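What follows is one structure encoded as structure tokens, with my remarks underneath.
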């Protein structure tokens, strides 16, 4: 019996096969060589075939989308997940799969978020007590924010998106993207402690 992931993977792969690699790469910043797509994930080209099911689905949906252009003047704004179309259906999932893990891991150590950001080519975001903006995909920056807790208030976290995310992925895919990105940040930090 096929799962939803199996169906989504099969449909996305079939659609991608019908497209010219040059056009796909020009639109989304992917690379194509020796019959294989490579998608820059956190700035590092990863073979599409090497990703897990969730990564491959999100990466292919990103590659298949029409994309989004920056507003005139080149400035776009950050949005919370709740500002996405149809976010009401998935906001709790976003909180549980992206925001809470970010808070759980970095909430008591905001400086670790900044250290991790240095390892993955992030930019300072100037929000909260610690924040970074990472190009998780070539035209898709995500901003991760930690507000340190104190005696009165608990620590808080946010995962914010460039408003152009709406042109790249549907709200359900953005939930998965947030989860994958937070998991990647945590893994980068854990790996840095092993060396």
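The angle between the Cα long axis of helix 110-119 and the main principal axis of the chain comes to about 40°, on a 0 to 90 degree scale. Region 110-179 and region 1-53 have Cα centres lying 24 Å from one another. Any idea what angle helix 4-17 forms with the longest principal axis of the chain, computed on alpha-carbon atoms, 0 to 90 degrees, nearest 10? The angle comes out near 50 degrees.
Label zone (residue 119, point 7 Å along Cα-to-C-beta; backbone nitrogen cut-off 14 Å) within region 161-195: 182-195.
The distance between label points at residue 33 and residue 6 comes to 3.5 nm (points 7 Å beyond Cα on the Cα→Cβ vector). The radius of gyration of the Cα set in region 4-64, together with its Dmax, comes out at 10.7, 30 angstrom.
From its DSSP helices (H runs of at least four residues, each -39,500 (n - 2.57)), the chain gives a residue-normalised ellipticity at 222 nm of -12500 deg cm²/dmol.
Listed values (i) 9, 29, 30, 21, 8, 3, 1, 0; (ii) 8, 27, 31, 24, 9, 1, 0; (iii) 9, 35, 36, 17, 3, 0 include one computed from this model; for P(r) over Cα pairs in 10 Å bins from 0, in percent that value carries the label (iii). In nm, give the distance between the simple-model label positions of residue 192 and residue 108, each being 7 Å from the Cα along the Cα-to-Cβ direction. Calculated label separation equals 1.9 nm.
Quick one: 151, 173, fewest Cβ neighbours within 10 Å first, how do they rank? The partial results should precede the final answer.
Details: 151 4, 173 19.
Listed from fewest to most nearby Cβ atoms, that is 151, 173.
State, as an integer percentage, the relative contact order of region 4-64 based on alpha-carbon contacts under 8 Å between residues 6 or more apart.
Working: 57 pairs, mean separation 22.7, N = 61.
The value is 37 percent.
No value in this document is a laboratory result; all are computed from the given coordinates. None of the values given here were measured: they were computed from a predicted structure. With ideal geometry, Cβ positions are generated from the backbone for all residues, glycine too; neighbour counts draw on all protein chains shown.
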